[in-house]
Amino acid sequence: MTMGSEDPKALARRIVETMHAKGRAYAFLDLEILDVGPGHAKARMKVREDFLNSHGICHGGLIFTFADTVFGFACNSRNEASVGTSCDITYLRQVAQGEILTAEAKEIHAFGRGALFDIVVTDHDGEKVALMHARSVQTGGSFLPEQESPA
């Protein structure tokens with residue numbers, strides 16, 4: 001669902017900014033939204049001390065949460081309310097405190113009410129840290145309410 005004549009990239013930005021403002025988990029991650037467009041989102045976060053596991057490296061669950069969050073931004077970016085139905089992640093290397101991670105989600109295939117996404121998490125040098133493959137389904141309706149028509 002598009003909202004009138006609003007540019008699709010501007011609409012996607014507005015949706016993601018609304019999600020970011022409303023989602024309490026997003027505040028915990030302290031992520032920065034870098035780019036967003038229809039079927040696409042990119043964000044960055046810094047690995048803090050409270051992200052570390054008992055091995056002194058970033059907990060995989062937080063890398064997963066970061067990738068899943070960016071996936072959520074991408075799958076809602078067209079203003080069609082969507083949720084994830086499955087995710088698979090592969091961790092490629094450990095991540096230390098202080099590292100800056102970037103996650104980029106891209107829609108690779110859409111079908112009916114569903115879509116498939118690839119999410120790549122990289123470090124500050126652009127080296128891959130984790131790869132996620134995810135599936136979403138539209139739940140019906142729009143994420144943002146439709147703008148009222150002028151009288």
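Summary table
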read-out	value
Test: residue in the range 45-67 that is under 23 Å from residue 142 (Cβ atoms), assigned to a loop (DSSP other than H, G, I, E, B) and of a type in the set (Lys, Arg)	no
Condition met for residue 102 (surrounded by 14 or more Cβ atoms within 10 Å (Cβ to Cβ) and more than 16 Å from residue 136 (Cα to Cα))	yes
Only listed residue being farther than 22 Å from residue 33 by Cα and charged (D, E, K, R), chosen from 113, 78, 135	113
Some residue of the range 120-139 being in contact with a His (Cβ under 6 Å, 6 or more places away or on another chain) and of a type outside the set (S, T, N, Q)	no
Residue 88 under 16 Å from residue 133 (Cβ atoms), modelled with pLDDT of 95 or more, surrounded by 15 or more Cβ atoms within 10 Å (Cβ to Cβ) and not hydrophobic (A, V, I, L, M, F, W, C)	no
Residues satisfying the stated conditions in the range 20-50, i.e. in contact with an Asp or Glu (Cβ under 8 Å, 6 or more places away or on another chain) and either modelled with pLDDT under 85 or among the basic types (Lys, Arg) (or both)	42, 44, 46, 48
Whichever residue in the range 1-39 is under 19 Å from residue 100 (Cβ atoms) and not hydrophobic (A, V, I, L, M, F, W, C) and, among such residues, is surrounded by the most Cβ atoms within 10 Å (Cβ to Cβ)	26
Condition check for residue 111: of a type outside the set (D, E, K, R) and either out of contact with any strand residue (DSSP E or B) (no Cβ under 6 Å at 6 or more places or on another chain) or at pLDDT below 95 (or both)	yes
Scope the range 40-58; condition under 21 Å from residue 128 (Cβ atoms), surrounded by 13 or more Cβ atoms within 10 Å (Cβ to Cβ) and of a type outside the set (Val, Ile, Thr); matching residues	40, 41, 42, 43, 44, 45, 46, 51, 52, 58
Strands (runs of 3 or more DSSP E) wholly inside the range 91-143 containing at least 3 residues that are within 21 Å of residue 78 (Cβ to Cβ), among the charged types (D, E, K, R) and in contact (Cβ under 8 Å) with a residue 24 or more places away in the chain	100-111
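The values are calculated or read from the model by the stated rules, or taken from the named source; none is laboratory data. Only a predicted model underlies this, so the values are computations on that prediction, with no experimental measurement involved. Every residue, glycine as well, gets a Cβ built from its backbone with ideal geometry; the counts of neighbours run over all protein chains shown.
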